[in-house]
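The values are calculated or read from the model by the stated rules, or taken from the named source; none is laboratory data. Given the structure is predicted, the values throughout are model-derived calculations rather than measurements. In this analysis, Cβ positions are derived from the backbone assuming ideal geometry, glycine residues included, and neighbour counts consider all displayed protein chains.
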């Protein structure tokens with residue numbers, strides 16, 4: 001029977017026809033010839049439950065997944081917003097019913113107890129404690145042998161088990177049984193892992209009627225940005241990252257995120273960047289049947305003192321430039337607006353790092369400043385990797401006499417060199433000094449037309465029999 | 001009747017001078033340091049305008065880019081960012097910008113903001129945004145290839161934005177032919193043999209530039225310029241050591257900004 005296809009889940013109609021989870025497909029087909037079977041798709045189930053979880057953020061910021069088919073919501077202090085737990089439950093049920101989902105809800109003190117109650121409750125009880133005590137021992141979700149052992153010992157419900165001394169249970173069935181029991185009874189609690197970490201600053205607007213116009217939704221976002229800016233000002237902070245979430249009435253959430261290089265609480269700037277982001281979307285924001293909740297959160301904040309504009313406008317000019325940088329980072333992508341940061345090395349192509357402007361601070365290492373009176377010794381443009389060239393030299397280890405690059409010959413009229421740049425042997429993994437990398441001999445050359453190049457021979461003649469030549473950079 | 005004709009002539013003359021940009025005061029122009037060139041340009045290159053730079057021949061692109069970087073360096077003061085917009089195409093064909101090389105021309109890489117657009121459309125859109133930002137002084141935009149997107153309308157829009165905000169825009173047109181545009185000046189830059197140092201080593205950067213077109217002014221002249229990195233100024237190669245005007249906006253002798261860097 002091992003290779004048989006089995007039913008993983010059945011819907012209401014199938015259950016009323018006597019089908020159950022776990023029976024083989026062939027069996028089920030015999031009983032119900034009209035059976036519609038769909039292959040089990042774990043990834044799709046997971047994606048769907050995640051989508052539901054995201055939608056549940058409307059109730060509480062602390063939503064955890066309880067795989068494979070559960071959600072745990074920490075509604076501590078949230079229920080009164082929905083007229084108590086009953087109102088919350090009714091709202092959830094109504095929304096899930098609209099999505100054609102069957103839900104089993106349970107409220108309990110600990111996540112474990114809620115999990116058990118939602119899945120194993122068979123009788124109506126007058127309060128939570130009694131309900132838990134009436135649960136079967138299967139609600140502990142131990143391995144099948146342990147559950148079987150408990151049943152053989154005559155312990156059918158949690159209440160019966162709880163009457164026994166804990167030490168005895170631990171000795172017979174293991175400490176984890178006791179932990180599970182105490183969590184069920186509410187004596188111990190494990191924190192849930194919320195799917196989305198709590199955000200410090202948040203502004204949101206709910207609508208009685210779903211908003212179907214994107215323009216209006218954007219306008220509301222502007223008001224929310226002003227609200228968030230006010231909240232940030234109270235805390236003497238500015239936001240570095242803003243996240244707007246458009247909750248559609250059919251459960252889909254459309255998140256938009258922007259980042260700024262300086263902390264800000266200027267709503268106009270936030271909205272301009274949001275518009276930039278919306279323009280850059282491959283498919284525009286689709287309101288569907290309308291948004292019923294719009295939320296703007298600020299997950300990342302930094303201290304920002306209250307500022308006063310300087311009379312000469314210095315701060316204003318800087319602000320204009322950072323705003324431009326933010327706008328371009330939003331449009332082109334954050335890794336496309338960069339600043340060059342110095343690195344402490346002498347290998348030419350590793351001397352600089354181009355880092356996204358939003359995250360790079362000015363160089364920690366100092367740039368090497370050249371001596372006055374010298375011509376430029378480093379090129380303005382560098383090829384990485386260097387481009388191979390064909391070189392004719394008058395003496396083997398001498399300067400190039402003539403070279404060919406990109407199918408063109410260049411006669412060398414003037415040169416300076418070699419400038420010898422050794423490899424960083426101290427960074428080699430094996431630490432072998434005698435197996436250091438190849439040394440490069442750099443020449444600054446000028447051709448007959450006055451074009452200036454930076455070329456090098458990769459390897460000395462005693463390091464390599466026939467060293468290759470490369471063009472590494474172009475001087476202005 | 002006669003008087004009104006006279007006043008008409010005066011108005012005409014005024015209009016002509018406004019149109020030709022002669023009303024730009026001296027501080028609206030930046031002197032290159034090359035006396036003959038500055039004289040021909042009425043004091044230097046205009047700020048808040050678009051200047052187009054072409055490479056004279058294939059292979060002269062590094063010189064055109066370097067020349068743009070040098071004028072931009074002359075134009076910016078301390079701590080002001082220099083904005084450089086490129087495309088992926090530029091990185092592939094012309095190589096990466098190398099910060100130590102920028103220092104060798106007298107620049108400060110920490111004041112450089114590098115934007116890289118995926119295609120010409122994104123590049124021009126970003127350029128028009130940057131040209132509208134009054135906090136900037138110099139903006140370099142590298143366009144490789146023919147760029148059919150860069151038509152007269154776009155060029156006119158860039159010119160208007162630059163005039164309004166005061167950003168000086170250097171539009172590098174590499175591997176392209178001059179087309180009608182709204183640029184204030186149009187240059188063709190080529191490399192020239194440098195004055196050798198001892199042991200026949202290549203000297204400071206030398207260029208030969210030709211003024212292809214100038215709005216309201218004579219064009220077609222050629223000059224040869226040498227870049228002096230220490231003073232951040234251009235010189236006439238034949239008159240090395242001659243008296244040159246003080247560089248605008250910085251002390252002559254030492255450059256505290258670079259020493260502190």
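Scanning region B:104-121 for residues that are free of Cβ contacts under 8 Å to residues at least 60 places away in the same chain and either in contact with a strand residue (DSSP E or B) (Cβ under 8 Å, 6 or more places away or on another chain) or within 24 Å of residue A:351 (Cα to Cα) (or both) yields a total of 12. Put simply, of A:413, A:444, A:449, A:404 the only residue that is facing chain B (nearest Cβ under 9 Å) and either modelled with pLDDT under 85 or under 51 Å from the mean Cα position of the chain (by Cα) (or both) is A:444. Hey, does region B:153-165 have a residue that's buried (at least 23 other Cβ atoms within 10 Å of the Cβ) and away from chain A (no Cβ under 12 Å)? Yes, because at least one residue in region B:153-165 is buried (at least 23 other Cβ atoms within 10 Å of the Cβ) and away from chain A (no Cβ under 12 Å). Being without any contact (Cβ under 8 Å) to a residue 60 or more places away in the chain and either more than 17 Å from residue B:159 (Cβ to Cβ) or not in a loop (DSSP other than H, G, I, E, B) (or both) is a property that does not hold for residue B:54. Scanning region B:166-192 for residues that are assigned to a strand (DSSP E or B) and away from chain A (no Cβ under 13 Å) gives B:168, B:169, B:170, B:171, B:173, B:185, B:186, B:187, B:188. Give me the residue from region B:119-135 that is in contact with a helix residue (DSSP H, G or I) (Cβ under 9 Å, 6 or more places away or on another chain), more than 7 Å from chain A (Cβ to nearest Cβ) and surrounded by fewer than 22 Cβ atoms within 10 Å (Cβ to Cβ) and, out of that set, nearest to residue A:322 (Cα to Cα). Selected residue: B:132. Of all the residues in region A:345-365, those that are under 20 Å from residue B:103 (Cα atoms) and modelled with pLDDT under 85 number 7.
Residue A:94 meets the conditions (1) in contact with a strand residue (DSSP E or B) (Cβ under 9 Å, 6 or more places away or on another chain); (2) at pLDDT 90 or above in every case but one. The failed one is (1). Inclusion of residue A:172 among residues that are outside the structural domain of residue A:292 (by TED's automatic domain parsing), in a loop (DSSP other than H, G, I, E, B), free of Cβ contacts under 8 Å to residues at least 60 places away in the same chain and more than 30 Å from residue A:49 (Cα to Cα) is not warranted. Of the numbered criteria (1) surrounded by fewer than 17 Cβ atoms within 10 Å (Cβ to Cβ); (2) in a strand (DSSP E or B); (3) in contact (Cβ under 8 Å) with a residue 24 or more places away in the chain, the one residue A:190 fails is (2). Screening residue A:377 against (1) assigned to a loop (DSSP other than H, G, I, E, B); (2) more than 8 Å from every other protein chain (Cβ to nearest Cβ); (3) touching a residue at least 60 places away in the same chain (Cβ under 8 Å) leaves a single unmet condition, (2). The residues of region B:84-118 that are assigned to a strand (DSSP E or B) and facing chain A (nearest Cβ under 8 Å), listed by number, are B:96, B:97, B:112, B:113, B:114, B:115, B:116, B:117. Every condition in (1) on the phi < 0 side of the Ramachandran plot; (2) modelled with pLDDT under 90 is met by residue A:382 except one, and the failing one is (2).
Please determine, by comparing only the residues of region B:136-146 that are outside any strand (DSSP E or B) and over 23 Å from residue A:320 (Cα atoms), which one is farthest from the other protein chains (Cβ to nearest Cβ). Break it down stepwise before answering.
Residues of region B:136-146 that are outside any strand (DSSP E or B), as a first pass: B:136-137, B:145-146.
From what's left, over 23 Å from residue A:320 (Cα atoms): B:145-146.
Details: B:145: 16, B:146: 19 Å.
Ranking the candidates gives B:146 first.
Return yes or no: is residue B:204 touching a strand residue (DSSP E or B) at 6+ places or on another chain (Cβ under 9 Å), free of Cβ contacts under 8 Å to residues at least 40 places away in the same chain and closer than 24 Å to residue B:63 by Cβ? In short, yes.
When you look at residue A:242, is it modelled with pLDDT of 90 or more, more than 21 Å from residue A:329 (Cβ to Cβ), buried (at least 16 other Cβ atoms within 10 Å of the Cβ) and within 24 Å of the chain's Cα centre (by Cα), yes or no? Full working, then the answer.
Values: modelled with pLDDT of 90 or more: yes; more than 21 Å from residue A:329 (Cβ to Cβ): no; buried (at least 16 other Cβ atoms within 10 Å of the Cβ): yes; within 24 Å of the chain's Cα centre (by Cα): yes.
Judged against the criteria, residue A:242 is not a match.
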